Amino acid sequence: MRISNNLNRRDFLSVALGAAAASTLPGGGRSLDLAAPSPSVASEIAAVKFPKDFIWGAATASYQIEGAWKEDGKGESIWDRFSHTTGKIRGGDTGDVACDSYHRYNEDIQLAKDLHVQSYRFSIAWPRIQPSGSGAPNPKGMDYYKRLVDTLLEAKIRPLATIYHWDLPQALEDSGGWPNRDTADRFVEYSQIVTRALGDRVSHWCIFNEPWVFTTLGYRLGTHAPGKTDTGDFLRSIHVVNLAQGKAFHAIKAINGKLQLGTAYSMTSAEPASDSPEDRQAAECGHACFNLLFLNTALKGEYPAAFPVTPEVMGVRPGDMELVRAPLDFVGINYYTRGIFSRPEHSISAPLGFERVDGTQGPLTDNGWEVWPDGFYRLVMRITKEYDKPVIEITENGCSYTDAPDVHGRVPDVRKIEFYRGYLTALAHAMRDGANVRGYHAWSLLDNFEWEQGYTQRFGMVYVDYRSQARTVKESGKWYAKLAASGELS
Ligand code: FCB
């Protein structure tokens, strides 16, 4: 598959969108004034055509879909332990079986093919490869990913492998987890094993998925595995993950310099609650924390200036800020919703310089996230501007609506189609205005285990009946298939 970023892309989009059509887009999208009123992007454009080489993808993650939690020598992960602990997951759900994709990957890749998906983002479960987090690889675990990747390649789908999407081997957590510097070196070793074994057939890799989320929810808020709530651990984990990102980047490049490396960062459009200087400052702190804490270190070798924590408290040692550098080949953006920031008062976020609430002006999805496509536009443009037009892949974007099959066996999830239409229009708009975006991954191919929410949320384009494991392509999936085949959004 040819992946290039060239002027054609922009010219093409501006022709496709047209000046007149663009001017009908509320917010105009040409300004980075974050305080401006930002009604959601209207779907007033008759047709938006994406460039021919734009990559249409879908994303999943190991713990959320695989099941087979103790098969073929797999070790226990922190998510196995967490979900097996009473009271941690809604309804007592676990990922023990999930979508059973470990056994049904052929069917799932066929579904991806039917949806005209050109890139499949999946993650590798570390405890399948190193059951206790170090030492020789488990051949059966590795074989599973080789088979998965070979099946994708046969289907002419690009594999985009995420090395870590949150399922740390429990044994490593028992020795201190991410707050422990040794974990960075264990991670480098594991990254070397998987890239050596799969680098001949997987060219594109995400080192981490959402480092902000797994450090914050895992070590500070305790709502994700391993369920810790220690601020010191949380701050140290940030730095250890940054060290792991930088060291793994260089170790992988030393094995195979051609591999294309990024990380999938969770990002939010950080908007001030008002025009007051305090709220604007809070939004800057929010942007630093939520969006830049792991990106700025990689690309610029510095913690963002607006992050109000001293290096000593994070455990930074002399020489570390060279080690965290990783000139990534692409920036992965996971985008779901925007945050509204105001000056710090007394919540748990106050020491980080802000209070945050989610936006509520737009319609809400079934898990309560606001639909506000213009925030996506603003965020993509802001990263484009602040990092000098990096190559961007949207590594996740999507929504949960709990629509189920009707009496005819169809899943008429029109709200999901509207969501995608709005966000993809916003993305096209950002590309027209100079963002270097080469691909988009819908989260998710399948309904799956949504972390502490268990199976109550349905982000998939394919409905999964968890009792029978039957898969039904939703109307949104059929809509996405047409879009992926034609590149035309209508
Ligand atoms: C992201 C996660 C992904 C999924 C979506 C809904 O934060 O990366 O695994 O849970 O949210």
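The values are calculated or read from the model by the stated rules, or taken from the named source; none is laboratory data. Predicted model only: the values in this text are computed from it and were never measured. Methodologically, a virtual Cβ is constructed for each residue, glycine included, from the backbone with ideal geometry; neighbour enumeration extends over all protein chains shown. Ligands, DNA and RNA are stripped out before the accessible areas are found, and what is left, the full protein with its side chains, is counted by its heavy atoms. Shrake-Rupley method; radii C 1.70, N 1.55, O 1.52, S 1.80 Å.
Here is how the numbers come out for the structure above:
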{"read-out": "Dipole magnitude (debye, nearest 20) for the chain, charges at Cβ of Lys, Arg, Asp, Glu", "value": "1320 debye"}
{"read-out": "Evaluated at q = 0.22 Å⁻¹: base-10 log I(q)/I(0), Debye formula over Cα of region 317-391", "value": "-1.05"}
{"read-out": "Exposure rank, largest accessible area first [Ser203, Ser62; 1.4 Å]", "value": "Ser203, Ser62"}
{"read-out": "20 °C / 1.002 mPa s Stokes-Einstein diffusion coefficient of region 9-489, Kirkwood radius on C-alpha pairs, µm²/s", "value": "95 µm²/s"}
{"read-out": "Phi to ³J(HN,Hα) by Karplus 6.51 cos²θ - 1.76 cosθ + 1.60 over region 460-470, Hz, x for Gly, Pro", "value": "x, 8, 10, 7, 10, 8, 5, 7, 9, 6, 6"}
{"read-out": "By accessible area with a 1.4 Å probe, ligands and nucleic acids excluded, highest first: order of Val407, Val48", "value": "Val407, Val48"}
{"read-out": "Rel. contact order, % - alpha carbon contacts under 8 angstrom, at least six apart, region 115-208", "value": "38 percent"}
{"read-out": "For Gly95, distant residues with modelled amide H under 5 Å away", "value": "none"}
{"read-out": "The chain: relative contact order in percent, alpha carbon pairs under 8 Å with at least 6 residues between", "value": "19 percent"}
{"read-out": "Pairs from Lys49/Lys113; Lys113/Lys416; Lys258/Lys474; Lys156/Lys247 whose Cα-Cα separation, in the structure shown, is over 27 Å", "value": "Lys258/Lys474; Lys156/Lys247"}
{"read-out": "Under DSSP loop assignment and at most 15 Cβ neighbours within 10 Å, longest trypsin sites (Lys or Arg not before Pro)-free interval of the chain", "value": "259-409"}
{"read-out": "Alpha-carbon centroids, region 56-109 and region 313-374: separation in whole Å", "value": "26 Å"}
{"read-out": "Table column - 3J(HN,Hα) (Hz), region 206-212, Karplus curve with 6.51, -1.76, 1.60, x for Gly and Pro", "value": "9, 5, 10, 10, 6, x, 4"}
{"read-out": "Solvent accessible area, Å² - Val473, 1.4 Å probe, full protein context", "value": "40 Å²"}
{"read-out": "With at most 12 other Cβ atoms within 10 Å, longest stretch of the chain clear of loop GluC sites (Glu not before Pro) (DSSP)", "value": "45-311"}
